[in-house]
Amino acid sequence: RGLQAAFNVPVGRVFSRFCDADLGDARCGVDVETPEFRGEGIVSEVLGSHAFKATGLGDYADQWFSSGRIVWDAGGQSEIATHRVEGEHATFEVLDALPVELGACFVVYAGCDKRIATCGGKFGNVANFRGFPHMPGNDAIQSGPRAGDRLDGGSRLA
């Protein structure tokens, strides 16, 4: 991470289409310790400093743990970039390089991409979604009137 990373930390409430709660915190309300959202694995093959294969996680869907986190039994955590299922093995790519050893044990938690569709479909937790999914994007804000639009100051969505 660069020297400016400290300036990218939000202070206060952020108004965005995406949820600003962290998965499993009090504002989110999802219990990530249930077997549905938590798994245990063992490193079966090291593919590099950022990738490895693991066993013990064959029951989970492809990308289930993407954007999630790994807690290593030896200490430390890793953020998951991608998770793929390949038969009995699961392949993980993590964001930060760390010394992964063959046979290392870990606990992995489901990931959330902070979209309302994921909140409802994966976690069944739309009531606690902490974003503003119907907020217009930059293209809607910067666009001008279209030919034939009423210019009466009313809503452009009506």
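The values are calculated or read from the model by the stated rules, or taken from the named source; none is laboratory data. Every value quoted in this text rests on a predicted model; they were computed, and no experiment measured them. Methodologically, a virtual Cβ is constructed for each residue, glycine included, from the backbone with ideal geometry; neighbour enumeration extends over all protein chains shown. Only protein heavy atoms, including side chains, enter the accessible area calculation; ligands, DNA and RNA are left aside. Shrake-Rupley method; radii C 1.70, N 1.55, O 1.52, S 1.80 Å.
Points to keep in mind about this one:
- The set of residues from the stretch 136-149 being open to solvent by 70 Å² or more (accessible area, probe 1.4 Å) and of a type outside the set (A, V, I, L, M) comprises PRO136, ASN138, ASP139, GLN142, PRO145, ARG146, GLY148.
- Checked against the criterion of being modelled with pLDDT of 80 or more, under 17 Å from ASP20 (Cα atoms) and hydroxyl-bearing (Ser, Thr, Tyr), the stretch 56-63 contains not a single residue that satisfies it.
- The stretch 18-31 residues that are within 16 Å of VAL126 (Cβ to Cβ), paired with ones that are surrounded by fewer than 19 Cβ atoms within 10 Å (Cβ to Cβ) and of a type in the set (Lys, Arg) (beta carbon under 6 Å, 6 or more apart): CYS19/ARG130; ASP20/ARG130; ALA21/ARG27; ALA21/ARG130; ARG27/ARG130
- Under the condition of being closer than 22 Å to ASP31 by Cβ and in contact (Cβ under 8 Å) with a residue 24 or more places away in the chain, the residues counted in the stretch 79-89 number 2.
- Pick from the stretch 112-135, criterion open to solvent by 80 Å² or more (accessible area, probe 1.4 Å) and in a loop (DSSP other than H, G, I, E, B), ranking: nearest to ALA81 (Cα to Cα): ARG115
- The condition (being of a type in the set (D, E, K, R) and either on the phi > 0 side of the Ramachandran plot or touching an Asp or Glu at 6+ places or on another chain (Cβ under 8 Å) (or both)) is satisfied by just one residue among ARG150, ARG115, ARG130, ARG146: ARG130.
- The residues on offer are PHE52, PHE37, and the sole one that is open to solvent by less than 40 Å² (accessible area, probe 1.4 Å) and closer than 18 Å to THR118 by Cβ is PHE37.
- Identity of the residue in the stretch 64-102, in a loop (DSSP other than H, G, I, E, B) and open to solvent by less than 40 Å² (accessible area, probe 1.4 Å), that ends up farthest from CYS19 (Cα to Cα): VAL100
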